[in-house]
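What follows is a single structure, written as structure tokens, with notes after it.
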Amino acid sequence: MRKLAITILVLVSSGMGSMAAAAPRPADQPRTMEEVVDRVIVNENHLDQEIRKYTPLVETYIQNQKPDNNLGFVPAGDRYFLGRADFSKGVNLVSLTDADTKGKKIFSGIGNFFSFAMQYLPDGFLQMIFIDTNGFDKQHYKFDYVRREFLGEVRCLVFDVTPQDKAGKGRFLGRIWVEDQGFNIVRFNGAYGGGGHTSWYFHFDSWRTNAQAGLWVPSFVYSEEKDLHYALTKKLDFKAQTRLWGYNLGHAAQEQELSKILVESAVQDDTKTANDLNPVQAQRTWDRQAEENVADRLQRIGLMAPKGEVDKILETVVNNLEVTNNLDIEPEVKCRVLMTTTLESFTLGHTIVLSRGLIDVLPDEASLATVIAHELGHVVLAHRMDTSYAFFDQLLVDDKQTFRHFGFARTQAEEQAASAKGLELLTNSPYKNQLANAALFLSALQTRQKEIPNLISAHLGDRVATIVDLKGKVAVDAAPKNNPQMIAALPIGGRVKLDVWLDRLDLIKSKPVGTVAEREKMPFEVTPFMPYLTRYGVVDTTKQASAGSADSKPAETASNPLSDAKAADPAKPADPAKPTVPEKP
């Protein structure tokens, strides 16, 4: 029986059905649609076997919805889950966000939204990466060819798939997209059938990306329900995003390091130079070792992205703040990005860390600078991290204990001091005349925080709500009121795209969409995935990414990595060139 995404009162779980063995791949290309379907079935059942080799991280974020007269639907509560998939014995999850559970009942009840117990099952959302693990074949399904269609740069054959009569419950009903070279399913859209009056299968749109030659791995799942009635008078409305990454965890970095090995032609004798460290320098080196140990550990388990393009964007803003405030900080300040959707930020010594989700929703560079200035305040004030992490044994913890073992939230006194210092840095920065935009973002977040508590609940650092409370006075009075040209915050996924194999993060570069209605702004909200698919080994010359996510207008100055997001043109691509900033003194 297929895993359910939700149950009422009775929580149903089941193991993965027996998987079809992978048949040999024909050497010749199929010549008829019947042969194409045969190849699709072989490849899909082969993927069910291959996926057992991997233990990717799985993140599901759900927003319950309520009707709004002006905006259509708005968030009304949320749920969040982060875990590691274990496919060796079925569709199972090991929770990282709740170490006391086994992944079966991670999401608590919806609370005041419903009058009795209803629980989301994370395993049910993970099940949506599979079409059918218990008989995906012609005996159980009918395949009707529809047309050819491009998904990004990948040409696909489209089929409608319906269960055969008496195929049983839990069978897939919907549409599949099959790439026309290897005949692998790259997208499927629909729902599972059956379930009875105590449980439901949700509608979903599931995407795969080409990680290696011939390997298309599950990557993104969007699920949505409107007016799902239960218990006679009760109704459920929600949107959900599920992301998977960390398939090749650690291996990509190892290969990259091997390619960088250099053989020195000569060894220089530096014994007469000033190589000894004084006590201050020794302490700084020890502190740096602790922060680098933690960053390396978080990257190895897939929670922190490898260094890349987004880090450089953040460090550009740091550099702007340092130069205009005449700061010369040693060791230099670095930036890193958490892979997670939850909105949080913190410092590891001289390393500023922002979550992908936080960067996603920031509407412009001034808002980004406001958050970074707060964290830079911690660095300037020498708010140190726990240096016991310089001992390597402190890092050897089980993955599921990560959030319990590591914690980088600051005391209230440190937060207040960092906010005051951050405001001082902003006042002397290039962003001083743009703080009204930042205040609009902070005000929107403050307004929405009761409806999205799990989105703003930090797991390692400080809740962004803390920054809102302390920095909401930045320029609230100067914030533009009822300006239809301003976007207070972007939807989730509005800035950053994810490479699920390399765990690399890049900025989204999308086409302009023209005038946007008020209800299309969707601050902090969940939207569908529409990734721009490419084939492994083929250079993506268009550099396009997810549709439905808003990148913004190019900045007026060369140093702007993020520009103002306006309703008239929220999806105009940012300048892809590397920002030009003044050198540090």
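The values are calculated or read from the model by the stated rules, or taken from the named source; none is laboratory data. Note that the structure is predicted; figures quoted are calculated from it, not measured. In this analysis, Cβ positions are derived from the backbone assuming ideal geometry, glycine residues included, and neighbour counts consider all displayed protein chains. Side chains included, ligands, DNA and RNA excluded: accessible areas come from the protein's heavy atoms. Shrake-Rupley method; radii C 1.70, N 1.55, O 1.52, S 1.80 Å.
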Could you tell me how many of the residues in region 42-76 are touching a Gly at 6+ places or on another chain (Cβ under 9 Å) and either open to solvent by 20 Å² or more (accessible area, probe 1.4 Å) or outside any strand (DSSP E or B) (or both)?
5
Selection count where residues are touching a helix residue (DSSP H, G or I) at 6+ places or on another chain (Cβ under 8 Å) and touching a residue at least 24 places away in the same chain (Cβ under 8 Å), scope region 274-295:
7
Of (1) of a type in the set (D, E, K, R); (2) open to solvent by 40 Å² or more (accessible area, probe 1.4 Å); (3) touching a Cys at 6+ places or on another chain (Cβ under 9 Å), GLU179 satisfies every one except (2)
Matching residues in region 503-529 - criterion: being at pLDDT 90 or above, in a loop (DSSP other than H, G, I, E, B) and surrounded by fewer than 19 Cβ atoms within 10 Å (Cβ to Cβ):
PRO528
Here are the criteria: (1) open to solvent by 50 Å² or more (accessible area, probe 1.4 Å); (2) in contact with a helix residue (DSSP H, G or I) (Cβ under 6 Å, 6 or more places away or on another chain); (3) outside any helix (DSSP H, G or I); (4) not hydrophobic (A, V, I, L, M, F, W, C). Tell me which single one GLN394 does not satisfy.
(3)
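Taking region 164-195, which residues are in a loop (DSSP other than H, G, I, E, B) and touching a His at 6+ places or on another chain (Cβ under 7 Å)? Don't jump to the end; show me each part of the working.
First, the residues of region 164-195 that are in a loop (DSSP other than H, G, I, E, B): 164-171, 180-184, 193-195.
Scanning region 164-195 gives GLN164, ALA167, ARG171.
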Touching a Phe, Trp or Tyr at 6+ places or on another chain (Cβ under 9 Å), within 27 Å of VAL397 (Cα to Cα) and not hydroxyl-bearing (Ser, Thr, Tyr): which single residue out of ALA290, ALA295 fits that description?
ALA290
Could you please give the count of residues in region 135-160 that are over 30 Å from the mean Cα position of the chain (by Cα) and either under 30 Å from THR97 (Cβ atoms) or β-branched (Val, Ile, Thr) (or both)?
1
